[in-house]
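Chemist: Handing you a structure now.
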Amino acid sequence: MLDNADPEVLDLFKEFDALLQGHFKLTSGKHSEWYFEKIRLIENPAALEKLVDLLAAKIRADGRDFDYVVSPAYGAIAIGFLAALKLGKKFAFTQRVEEKMSFRAGFSEIDGARAVIVEDILTTGGSIAEVVECLKRHNVKLAGIYVLVDRTDGEVRIESQPVGSLMALKVQAFEPESCPLCQSGKTLTKPGASDKKA
């Protein structure tokens, strides 16, 4: 399952207890063997900086031409801001206003610019797709999409392009009634959840 993971990236997640293995109840209600506790990275800036250094190097190596790094609120703001700093680019973030992803007032120069999206964890791609729609409304050209962790192992493509990641792995999620972890008697844990529905 972790075959595609860079050992350095994997070690950082494990060192700060940000990659947990066990039996977890996800926000969607499904069960999973793996859970990414991204808050552990955000509360340890030195660890987050090491990961963002690797992500910035990946973006730089891809040779993308862009003006802004854009991230969705809230968890990815720290990641995107740090990436923009490392790359010498401007930074902007989006947030849901009346259930619609929008730029906070004040990011006036982004209209017509080029941007890469930086997100923390890719699960379904829903949040990233919302950011893409926000960019379109501001005539911002999408130059690339990057995440720390891709839980779909590259299966999700947005705007017909692949998502760059530091760690890609296929994370299975089970309905409670057919969960093999439940059947094996493993204790179920419900970790912290965001306001997302899935």
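The values are calculated or read from the model by the stated rules, or taken from the named source; none is laboratory data. On a predicted model such as this, the values are computed, not experimentally measured, just so you know. Please note: Cβ atoms are built from the backbone with ideal geometry, for glycine as well, and neighbour counts cover all protein chains shown.
Chemist: Quick one: in the range 37-55, which of the residues that are of a type in the set (Asp, Glu) and not in a helix (DSSP H, G or I) is surrounded by the fewest Cβ atoms within 10 Å (Cβ to Cβ)? Outline the logic, then answer.
Modeler: The initial filter retains those residues of the range 37-55 that are of a type in the set (Asp, Glu), namely 37, 43, 49, 53.
Filter again for not in a helix (DSSP H, G or I), leaving 37, 43.
Values: Glu37: 17, Glu43: 13.
Per the criteria, the residue is Glu43.
Chemist: Determine whether the range 59-67 contains at least one residue that is over 24 Å from Pro7 (Cα atoms), at pLDDT below 95 and of a type in the set (A, V, I, L, M, F, W, C).
Modeler: no
Chemist: I've got another one for you. Looking at the range 15-36, which of its residues are surrounded by fewer than 17 Cβ atoms within 10 Å (Cβ to Cβ) and either modelled with pLDDT of 90 or more or part of a loop (DSSP other than H, G, I, E, B) (or both)?
Modeler: Listed by number, the residues that qualify are Asp17, Gly22, Thr27, Ser28, Gly29, Lys30.
Chemist: Given the criteria farther than 16 Å from Val118 by Cβ and of a type in the set (A, V, I, L, M, F, W, C), does Phe91 qualify?
Modeler: Numbers: farther than 16 Å from Val118 by Cβ: no; of a type in the set (A, V, I, L, M, F, W, C): yes.
No, not satisfied.
Chemist: Does the range 106-150 hold any residues that are β-branched (Val, Ile, Thr) and either in contact with a strand residue (DSSP E or B) (Cβ under 7 Å, 6 or more places away or on another chain) or farther than 30 Å from Ala173 by Cβ (or both), and which are they?
Modeler: Residues satisfying the conditions are Ile110, Val116, Ile117, Val118, Ile121, Ile128, Val131, Val132, Val140, Ile145, Val147, Val149.
Chemist: Would you check which residues across the range 105-140 are in contact with a helix residue (DSSP H, G or I) (Cβ under 8 Å, 6 or more places away or on another chain) and at pLDDT 90 or above and list them?
Modeler: Ala115, Val116, Ile117, Val118, Glu119, Asp120, His138, Val140
Chemist: Against the definition (among the acidic types (Asp, Glu) and buried (at least 17 other Cβ atoms within 10 Å of the Cβ)), how does Asp67 come out, yes or no?
Modeler: On the way: among the acidic types (Asp, Glu): yes; buried (at least 17 other Cβ atoms within 10 Å of the Cβ): yes.
Considered against the rule, which asks whether it is among the acidic types (Asp, Glu) and buried (at least 17 other Cβ atoms within 10 Å of the Cβ), Asp67 comes out as yes.
Chemist: Of the residues Val156, Val149, only one is part of a strand (DSSP E or B) and surrounded by 17 or more Cβ atoms within 10 Å (Cβ to Cβ); which?
Modeler: Within the list Val156, Val149, the selection yields Val149.
Chemist: Taking Ala129 and the conditions (1) without any contact (Cβ under 8 Å) to a residue 40 or more places away in the chain; (2) closer than 29 Å to Glu33 by Cα; (3) of a type in the set (A, V, I, L, M, F, W, C); (4) in a strand (DSSP E or B), which numbered condition does it fall short on, given that it satisfies the others?
Modeler: (4)
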